[in-house]
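Here's the structure we're looking at; comments come further down.
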Amino acid sequence: MGVLVTALTLVGLAAAAAPGNDAFPGAVIAGASGTTSAMTAEATPETGEPALGGVSVWYAWEAPSSATYGFCATPGTAWNSPDTLLGAYTGSGVDALSEVAFNDDGGWDSRGSFLSIAASAGTTYHLGVGGFEGSSGPFTLTWKEGECQPPDTSITQARVKGKKLELWFEGSDDTTPTADLTFECRLDTGAWAPCTSPVLLAATGGGSHTGYVRATDANGNVEAFPDSDTRALHGRA
Ligand SMILES: [Ca+2]
Ligand SMILES: [Ca+2]
């Protein structure tokens, strides 16, 4: 029994080692759009590879059409979330790549990496995800035609009106004009509903309540990390 437990432990340790797409060309991703979750922890550099903080993982993607495609490496909100780097390259070897685009900082807290490339149908692009100064951890890679960087909302003012929470907010985006953003709001775990600033969110009782606001841009990118404001509401309307 002791031997079996030891063997299982070793299997577990092996699974926590380098990601499966650590070495170029890594994992194949396909299609006009998609999303995949991955990890840069324990990733290693290869001789001659582009500067990706020494924690590179790789994806190979063949463009299904000639168009602009956006790629986004989005870290989560967990304690071990990385500050990602993202590069798009062409070429056949990890030490002979030509950079098409590169991004360090993007997104709501500048830890994500978002880029767009003018892709040619049938050309294979290599996407490398790394981390600033070796920062590593879990992230999500998404891609779609156009661009994939979600907008960012800021709650600029909040006011308690009895059992209601009134919020003023504004949004910004890399490509969509502020006036063309759409917003959704909710109170606590309620359903998202279209809203404009200022919004009045009604609670059924007093106590601590949290209002959330998220934006969607013209390319359908929904803010992943909504802004929120928590207030103690009064028991009476
Ligand atoms: Ca690597
Ligand atoms: Ca956008």
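The values are calculated or read from the model by the stated rules, or taken from the named source; none is laboratory data. Computed from a predicted structure; not experimentally measured. So basically every Cβ, Gly included, is an ideal-geometry build from the backbone, and we count neighbours across all protein chains shown.
Data overview
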{"read-out": "Residue, nearest to ligand 1 (Cβ to nearest atom), within the stretch 42-59, restricted to residues that are farther than 18 Å from Gly91 by Cα and surrounded by fewer than 18 Cβ atoms within 10 Å (Cβ to Cβ)", "value": "Thr44"}
{"read-out": "Selection count where residues are surrounded by 15 or more Cβ atoms within 10 Å (Cβ to Cβ) and either within 16 Å of ligand 1 (Cβ to nearest atom) or over 30 Å from Ala38 (Cα atoms) (or both), scope the stretch 169-181", "value": "2"}
{"read-out": "Entirely in the stretch 10-89, the strands (runs of 3 or more DSSP E) that have 1 or more residues that are modelled with pLDDT under 95", "value": "34-39, 67-75"}
{"read-out": "Residues that are among the hydroxyl-bearing types (Ser, Thr, Tyr) and touching a strand residue (DSSP E or B) at 6+ places or on another chain (Cβ under 6 Å), drawn from the stretch 155-176", "value": "Thr156, Ser172"}
{"read-out": "Residue that is surrounded by the fewest Cβ atoms within 10 Å (Cβ to Cβ), among those in the stretch 104-156 that are among the aliphatic types (A, V, I, L, M), without any contact (Cβ under 8 Å) to a residue 60 or more places away in the chain and not in a loop (DSSP other than H, G, I, E, B)", "value": "Ala118"}
